[in-house]
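The values are calculated or read from the model by the stated rules, or taken from the named source; none is laboratory data. These numbers were taken from a predicted model, which means no experiment stands behind them. Counting neighbours? That spans all protein chains shown, and the Cβs are built from the backbone with ideal geometry, glycine included. SASA here: full protein model, heavy atoms, side chains in, ligands and nucleic acids out. Shrake-Rupley method; radii C 1.70, N 1.55, O 1.52, S 1.80 Å.
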Amino acid sequence: QVQLVESGGGLVQPGGSLRLSCAASGILFRLANMAWYRQAPGKQREVVAAITSSGSTNYVDSVKGRFTISRDNAKNTVYLQMNSLKPEDTAAYYCNANLPNGGHWGQGTQVAVSS
């Protein structure tokens, strides 16, 4: 059974930092292209950052220079380090695993940026 379990969300002040983690099980993690998405209330889900199985990364323009995606294949975990957080980063953040046989989602973790 595939499981993606996100953690690390919370309430942080503008300018603060959070690190999200997504622990995967039931998949060949090292072969998966992983991504973080987010969805703010009333908005569509958008991809924030992605990392391929070989370690190449991509970011949406709004987080470039502030967010860093990384992966630890030994721990079957993908991370999203978020620095210089802004109120507009407030959203539910979801982990996604993309494999040749299909995609999988985690349950999400909430990030709120507010003073």
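Of note:
- Qualifying position, being crowded, with 19+ Cβ neighbours inside 10 Å and not basic (Lys, Arg), among Val48, Val5, Val60: Val48
- Just so you know, in the range 14-45 the residues that are under 14 Å from Tyr93 (Cα atoms) and open to solvent by 70 Å² or more (accessible area, probe 1.4 Å) include one that is modelled with the lowest pLDDT, and it is Pro41.
- Within the range 39-55, the only residue that satisfies the criterion of being out of contact with any strand residue (DSSP E or B) (no Cβ under 7 Å at 6 or more places or on another chain) and closer than 19 Å to Leu18 by Cβ is Pro41.
- Residue under evaluation Leu11, criteria (1) in contact with a Ser or Thr (Cβ under 8 Å, 6 or more places away or on another chain); (2) surrounded by 13 or more Cβ atoms within 10 Å (Cβ to Cβ); (3) part of a strand (DSSP E or B), criterion not met: (2)
- The residue pairs whose first member lies in the range 23-42 and is under 19 Å from Ile69 (Cα atoms) and in a loop (DSSP other than H, G, I, E, B), whose second member is open to solvent by less than 60 Å² (accessible area, probe 1.4 Å) and modelled with pLDDT of 95 or more, and whose beta carbons are closer than 7 Å, counting only pairs six or more residues apart or on different chains, are Ala32/Ser53; Ala32/Ala97.
- So Ser70, is it within 14 Å of the chain's Cα centre (by Cα), open to solvent by 40 Å² or more (accessible area, probe 1.4 Å) and under 17 Å from Asn33 (Cβ atoms): yes
- Qualifying residue in the range 56-73 (condition: touching a residue at least 60 places away in the same chain (Cβ under 8 Å) and either more than 16 Å from Leu18 (Cβ to Cβ) or touching a strand residue (DSSP E or B) at 6+ places or on another chain (Cβ under 6 Å) (or both)): no
- Subset tally (residues that are open to solvent by 30 Å² or more (accessible area, probe 1.4 Å) and either under 15 Å from Leu11 (Cα atoms) or in a strand (DSSP E or B) (or both)) for the range 80-111: 13
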